[in-house]
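Here is the structure we will look at, set down as structure tokens.
The values are calculated or read from the model by the stated rules, or taken from the named source; none is laboratory data. Quick caveat, the model's predicted, so the values are computed rather than measured. Here the Cβ positions follow ideal geometry from the backbone for every residue, glycine too, while neighbour counts run over all protein chains shown.
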Amino acid sequence: MFKPGNRWSEFSRRPRPTRRRLCAWLLAGLLCPAGGARAAEDFSIESSHQGGAVTLHVRARIHARPAVIWGTLTDYDNLAQFVPGMKSSRVLERRGPATVVEQKGAAHVLFFSYPIEVTVESLESPPDRLLVRLLKGNLRQLDGGYHLSPVEGSEGDYLLSWRGVIEPDFNVPSLITVPLLRSTFKEQFLAMVKEIERRETLAPLASP
């Protein structure tokens, strides 16, 4: 992990790649498969940028009960056990539908890595909506949320989506920030889907 003030030192010691080669490496990183086969087949991610902010829209089709999906999304204290790149996640405060959570980890793609330490507020509207906003930390912006909806004509299948805006607290070209956040969020979202499906297989069938 790169330290503040020396974040790109490791990269600077290596032979400087051409722009074409750098693009190829970043693209290769985005195309590497992650998560289970089912999740990869039913998964999509869209990204765009404006200035230093990156907008992400991620979707996956899941065969699981809403209670299992919701329970996994809101299992804040255990997220670090199954979400790649997350070192710790702990609840600081609960007040009604809002939960304040401190999270530490890193965003990464290939040889780039950026440490993330944030405190967020999670506003819960069960069973289908979970909004997240930044309270403090080393991101300039984090505003988004999960939405769960049934798949028409397919009993037991749900579409889980996340749409939001993330802006790191450092100035680098979008050539780096977009692949950095896209790759990290893809890996983390697919890991969440995989954990939901794992818990579904273990949950009692009597659960709603």
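A quick yes/no check of all residues on (1) among the basic types (Lys, Arg); (2) at pLDDT below 85; (3) out of contact with any Pro (no Cβ under 7 Å at 6 or more places or on another chain):
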{"site": "32", "(1), (2), (3)": "no, yes, yes"}
{"site": "38", "(1), (2), (3)": "yes, yes, yes"}
{"site": "47", "(1), (2), (3)": "no, no, yes"}
{"site": "55", "(1), (2), (3)": "no, no, yes"}
{"site": "68", "(1), (2), (3)": "no, no, yes"}
{"site": "86", "(1), (2), (3)": "no, no, yes"}
{"site": "103", "(1), (2), (3)": "no, no, yes"}
{"site": "113", "(1), (2), (3)": "no, yes, yes"}
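Of the residues 155, 167, which single one is part of a loop (DSSP other than H, G, I, E, B), modelled with pLDDT under 95 and of a type in the set (D, E, K, R)?
Working: 167 fails: part of a loop (DSSP other than H, G, I, E, B).
Going through 155, 167 in turn, just one is part of a loop (DSSP other than H, G, I, E, B), modelled with pLDDT under 95 and of a type in the set (D, E, K, R): 155.
Which condition does residue 179 not pass, out of (1) over 24 Å from residue 51 (Cβ atoms); (2) touching a strand residue (DSSP E or B) at 6+ places or on another chain (Cβ under 8 Å); (3) not in a strand (DSSP E or B), if it passes all the others?
The failed condition is (1).
Tell me which residues, restricted to the range 182-208, are modelled with pLDDT under 95, part of a helix (DSSP H, G or I) and either touching a Phe, Trp or Tyr at 6+ places or on another chain (Cβ under 6 Å) or of a type in the set (Ser, Thr, Tyr) (or both).
If the condition is that a residue be modelled with pLDDT under 95, part of a helix (DSSP H, G or I) and either touching a Phe, Trp or Tyr at 6+ places or on another chain (Cβ under 6 Å) or of a type in the set (Ser, Thr, Tyr) (or both), then 183, 184, 201 are the ones that fit.
Only one of these conditions is not met by residue 136: (1) surrounded by fewer than 19 Cβ atoms within 10 Å (Cβ to Cβ); (2) in a strand (DSSP E or B); (3) in contact with a Pro (Cβ under 8 Å, 6 or more places away or on another chain). Which number is it?
(3)
Would you tally the residues in the range 129-155 being in contact with a Lys or Arg (Cβ under 8 Å, 6 or more places away or on another chain) and in contact (Cβ under 8 Å) with a residue 60 or more places away in the chain?
Filtering the range 129-155 down to residues in contact with a Lys or Arg (Cβ under 8 Å, 6 or more places away or on another chain) leaves 142-148, 151.
After this cut, where a residue has to be in contact (Cβ under 8 Å) with a residue 60 or more places away in the chain as well, the list is 144, 146, 148, 151.
So the answer is 4.
Of everything in the range 65-84, what is more than 13 Å from residue 202 (Cβ to Cβ), within 15 Å of the chain's Cα centre (by Cα) and either among the basic types (Lys, Arg) or buried (at least 19 other Cβ atoms within 10 Å of the Cβ) (or both)? Give them in sequence order.
Correct list: 73, 76, 79.
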